[in-house]
1. What lysines sit close enough to LYS101 to cross-link, taking a C-alpha to C-alpha distance under 17 Å and skipping anything fewer than 8 places away on the same chain?
2. For a quick check of understanding: with a 1.4 angstrom probe and all protein chains in place, what accessible area in square angstrom does GLU107 have, to the nearest ten?
3. Could you rank LEU96, LEU59 by how accessible they are, 1.4 Å probe, largest area first?
4. Dipole of the stretch 1-159 (Lys/Arg Cβ +1, Asp/Glu Cβ -1, origin at the Cα centre): which of SER122, GLY143, LEU96 lies farthest to the positive side?
5. For the stretch 42-117, what class follows from the C-alpha gyration tensor (a ≥ b ≥ c being the square roots of its eigenvalues): rounded when a/c is under 1.5, otherwise prolate if a/b is larger than b/c, else oblate?
6. At what distance in nm do the modelled label points of LEU105 and THR156 sit from each other, each positioned 7 Å from its Cα along Cα→Cβ?
7. Excluding residues on the same chain fewer than 8 positions from LYS83, give the lysines whose Cα lies under 17 Å from its Cα.
8. For the pair SER122 and ASN17, what calculated FRET efficiency results from E = 1/(1 + (r/R0)^6), where r is the Cβ-Cβ distance and R0 = 35 Å, to the nearest 0.05?
Amino acid sequence: MDWWNDATGTWTMPLSNGDNSATIAAAKDQTVTALVNRSFTKDDGWYTLALPFNMSASLVGEAYQLSGLVRKTSEYVEVNLEKTSTILAGQPYLILPSENKSYLLVENATIDNTAGTSISKSISGLSVAMQAIINGTGDLTSGEYWVGNGGMLYNTSTPKRGLRVLFNITSSSGIAPRMRVVAQEDEATGVEDIT
């Protein structure tokens with residue numbers, strides 16, 4: 001499982017769940033056939049995804065991105081996601097796979113983001129950000145959560161994994177650390193509780 005560099009006709013290392021710093025830096029601005037070593041299961045809930053290149057969302061299924069915080073109660077904050085047809089390099093997404101995949105293969109991908117970016121929304125003293133993590137480095141800190149098994153948000157001492165997204169939740173008003181994510185047309189994702 002490798003990348004094929006279309007321009008030079010050489011093999012390089014694949015993108016993985018770990019630290020991809022050297023691989024991405026070496027391929028910056030190159031057009032490659034990228035093989036991403038991540039598996040996706042249809043009907044198994046939501047996945048997070050951040051990539052160093054642009055691609056159509058249809059290659060994985062449906063993609064959603066943070067569009068706003070629509071309400072806050074004493075128990076949780078409701079986060080609104082909007083569907084998009086394009087996955088942009090370095091941007092954070094929640095995706096719903098349309099089929100089972102043991103890896104993601106993308107042809108003619110130009111590597112153009114090596115760090116990842118963040119999208120943030122605020123309401124009444126509370127801020128929620130979706131942060132794209134291209135390279136897996138460092139442990140999770142307080143307020144940083146992954147979407148994991150069962151559609152739950154998890155904060156563990158394990159290092160951040162590459163090509164993923166974390167939610168960074170901060171508050172100055174003591175709100176309970178719970179979040180509900182709503183996709184288009186009030187479709188609840190089930191990402192509600194933090195453990």
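1. Those lysines meeting the cut-off are LYS42.
2. Roll a 1.4 Å probe over it and GLU107 shows about 130 Å².
3. Result of the area sort, largest leading: LEU59, LEU96.
4. My answer, from the dipole projection, is SER122.
5. oblate
6. 3.1
7. Candidates past the 8-residue exclusion: LYS121.
8. For ASN17 and SER122, the calculated efficiency is 0.70.
The values are calculated or read from the model by the stated rules, or taken from the named source; none is laboratory data. Values in this document were obtained by computation on a predicted structure and should not be read as measured data. Cβ sites come from the backbone with ideal geometry, for glycine too, and all protein chains shown count toward neighbours. Remember, those area values only see protein heavy atoms, side chains included, never the ligands or the DNA or RNA. Shrake-Rupley method; radii C 1.70, N 1.55, O 1.52, S 1.80 Å.
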